[in-house]
Structures are given as C-alpha cells and as structure tokens.
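Derivation of every value follows stated rules applied to the coordinates shown; laboratory data play no part. This one's a predicted model, so the numbers in the text were calculated from it and none came from an experiment. Note that each Cβ is placed from the backbone with ideal geometry, even for glycine, and that neighbours are counted across all protein chains shown.
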Amino acid sequence: QELVKLIKSGKVPDKDYLIVDVRDDDWKGGNIKGSRNHPSQRFLLELDDLIEQTKDVPITIFHCALSQERGPKAARIYEETRNALHDTNHTVYVLQGGFVQFGQSYKDDPELVENWREIIGRIS
C-alpha cells in the first residue's frame, strides 16, 4: 500500500523514486508502471550504470516475483555499493510479496500495473 501511495502521489519515477524489477524472463508477465527491468542475470554487469543513472534518486524499491531472493539480493548489493561510494543520501526498500502479490492486487489499475498477462502473472 505504501508503494501505491507513492506512485499515485504525483511524484516522478526516475526522479523522486525508482522501482527496479530484477525478474528475468518472468518480467514479460507484466510490470509495475514506471519500473525499470534490470534482470538478475545481468544485474552485476549493469550495477555501475544503474548507480550512475540514479545517483540523485532518493528512494529505490527493488522487487522480483516474490521478493524472497533476487530482489533482496539486488537491493543489498545496490545499497552496499552506494554506501561504499559514500553516497548515503538514499533509501532502499524491497517490495514485500514481490510482483506476484502486487500484480494480483492491482492488475486492473492501469496507473499501477501494465502489460499484465494472467497466465504468466500466476506462474511468476
């Protein structure tokens, strides 16, 4: 619900906050509107660019399908790397329940979810 409030608050994605979706092929089942896909398989390769592109973004939210492995791991690596650069002016979150829970809850709201596919959404 906090993410819903943030998205609907009028704040600007990629400026006021960033949603990083680290799902791999399962990303094709739909996504949170305004999110960026940085697949877990390539996350470490893209990390430096992601940090450079988001250095002024104060809030970053990570998730994967369930936010049990890929999302939390990427969030930890991202935060540790930013902290190592003495960049502490940011907050990192992990979306509880991941896209599976968020998508099921908000799939009918085009302000929140786009590209929803029912079958893939359930498999994710």
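Observations on the structure shown:
- Across the chain, the relative contact order, built from alpha-carbon pairs under 8 Å that are at least six residues apart, equals 31 percent.
- Convex hull volume of the C-alpha atoms in the chain, normalised per residue: 89 Å³.
- Ordering Y17, Y106, V92 by Cα displacement along the dipole of the chain toward the positive end leaves Y106 in first place; charges were set at the Cβ atoms of Lys, Arg (+1) and Asp, Glu (-1).
- Highest-first arrangement of 21-32, 101-112, 1-12, where packing means the average Cβ count within 10 Å: 21-32, 101-112, 1-12
- DSSP beta bridges fully contained in the chain are about 15 percent antiparallel.
- Zone of Q101's modelled label, taken as backbone nitrogen in the stretch 48-90 under 13 Å from a point 7 Å along Cα→Cβ: 63-69, 72
- Per-residue Cβ neighbour rank within 10 angstrom, fewest leading, T91, T54: T91, T54
- Hits among aspartates and glutamates - C-alpha to C-alpha of K55 under 18 Å, sequence gap 8 or more where chains match: D14, D16, D21, E46, E79, E80, D87
- Nearby lysines by direct alpha-carbon distance to K107 (threshold 27 angstrom, same-chain neighbours under 8 apart not counted): K5, K8, K11, K15, K28, K33, K73
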